[in-house]
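Take a look at the structure below.
The values are calculated or read from the model by the stated rules, or taken from the named source; none is laboratory data. Nothing here was measured: the structure is a model prediction, and the numbers come from that model. Glycine also receives a Cβ, built like all others from the backbone with ideal geometry; neighbour counts cover every protein chain displayed.
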Amino acid sequence: APPDQGIVLKQMLGKKSNKFCITVGFMCNATETEKWPIFYIGKLKQPYCFTNRSTADCGFWYHNNKTAWMDP
C-alpha cells in the first residue's frame, strides 16, 4: 500500500491503494539435477515493460490469469 504521509508529514489525499498481485515460482527436483527457469503469473496479458521484447528472451516464463494465482 502507498504511504498515507509524505516527507512533509501532510495527509496525501486522492491516493488509491494498488492491489497488484503477482505469483513467483521456483522449481527444481529433489536432487537439484533439473532446474527450470523462474516463472511469474500476473494479471496482465502483456506487461508494459515487455512491449519490445519477450519474456523468453529475458530468461523466465510469464503467464497470466484473472487472479494471478496458480490454478489447475
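For the stretch 49-71, the tally of residues that are of a type in the set (Ser, Thr, Tyr) and under 12 Å from the mean Cα position of the chain (by Cα) stands at 2. I'd like the full set of residues that are more than 17 Å from Thr23 (Cα to Cα) and among the hydrophobic types (A, V, I, L, M, F, W, C), limited to the stretch 57-71. Cys58, the sole residue that qualifies.
If you take the residues of the stretch 20-72 that are modelled with pLDDT of 85 or more, of a type in the set (A, V, I, L, M, F, W, C) and part of a loop (DSSP other than H, G, I, E, B), which of them is surrounded by the most Cβ atoms within 10 Å (Cβ to Cβ)? The selected residue is Ile38.
Among the residues of the stretch 46-72, those identified as of a type in the set (Phe, Trp, Tyr) and touching a helix residue (DSSP H, G or I) at 6+ places or on another chain (Cβ under 8 Å) are Phe50, Trp61, Tyr62. Taking the criterion of being within 20 Å of Phe26 (Cβ to Cβ) and in contact (Cβ under 8 Å) with a residue 24 or more places away in the chain, the residues of the stretch 43-66 that qualify are Trp61, His63, Asn65.
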